[in-house]
Amino acid sequence: MPREDRYTASAREYLAIRWTETDGRTALAEQCQDRCEGCGGQWHGQAAHRLRKGQGGLWSPANLLALCGSGTTGCHGWAHARPLLAQGLGWEVLPQFEPHSCAAYLVDPYNPVSAGWRLLIVEAEPATGVRRHLSVPVEARWVP
């Protein structure tokens, strides 16, 4: 009798889509329009991993944020220095969660004075395999 696979079909498809660092950085630049997703200021190309690389974080756009500064300065440094607050904003994700299923509170790249909760999704066209990334606005729902 065949052993049951531990992944669902959607999870298998997600895991099959591997992103190189170059692919991830290119998609991130398109996603953020050269603006920091934390404060709306100028972004200088640093990629912040929501699920850290040491914890299995990939170069997928669902796992990346365009935060200004480095790991010690700017919004990127703020997230590293305050991990609990960064988790509350969705800027960091714990290892037991998948980044593509966790919304993040981000500045809108087309209107830097407004911010909101966004779900970062990666989709692949089944026929062609072409990958595309989406930043979908979502409403926060608080469970009592």
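Remarks
- Any pair with Cβ under 7 angstrom, 6 or more apart, that starts in the stretch 116-129 at a residue that is more than 23 Å from Gly88 (Cβ to Cβ) and ends at one that is part of a strand (DSSP E or B): Val122/Arg131; Val122/His133; Glu123/Arg132; Glu123/Leu134; Ala124/Arg131
- Sole exception among (1) surrounded by 15 or more Cβ atoms within 10 Å (Cβ to Cβ); (2) at pLDDT 90 or above; (3) hydroxyl-bearing (Ser, Thr, Tyr) for Thr73, by number: (1)
- Selection of the stretch 50-64 for residues being over 15 Å from Thr26 (Cβ atoms) and buried (at least 24 other Cβ atoms within 10 Å of the Cβ) yields only Arg50.
- Selection over the stretch 76-85 of residues that are surrounded by fewer than 20 Cβ atoms within 10 Å (Cβ to Cβ), more than 16 Å from Ala103 (Cβ to Cβ) and not basic (Lys, Arg) gives a count of 6.
Yes/no matrix, rows are residues, columns are (1) over 23 Å from Glu21 (Cβ atoms); (2) in a strand (DSSP E or B); (3) of a type in the set (S, T, N, Q):
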site	(1), (2), (3)
Leu65	no, yes, no
Gly69	no, no, no
His76	no, no, no
Leu84	yes, no, no
Pro95	no, no, no
Tyr105	yes, yes, no
Pro112	yes, yes, no
Ala115	yes, yes, no
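- Residue selected from the stretch 86-95 under the condition within 20 Å of Val138 (Cβ to Cβ) and touching a Gly at 6+ places or on another chain (Cβ under 9 Å), by the criterion most open to solvent (accessible area, probe 1.4 Å): Leu89
- Residue check for Asp108: of a type in the set (Asp, Glu), open to solvent by 70 Å² or more (accessible area, probe 1.4 Å) and under 19 Å from Val136 (Cα atoms): no
- Of the candidates Glu30, Glu21, the single residue that is of a type in the set (Asp, Glu) and farther than 22 Å from Trp117 by Cβ is Glu21.
The values are calculated or read from the model by the stated rules, or taken from the named source; none is laboratory data. Keep in mind the model is a prediction, meaning the values are calculated, not measured. Every residue, glycine as well, gets a Cβ built from its backbone with ideal geometry; the counts of neighbours run over all protein chains shown. Ligands, DNA and RNA are stripped out before the accessible areas are found, and what is left, the full protein with its side chains, is counted by its heavy atoms. Shrake-Rupley method; radii C 1.70, N 1.55, O 1.52, S 1.80 Å.
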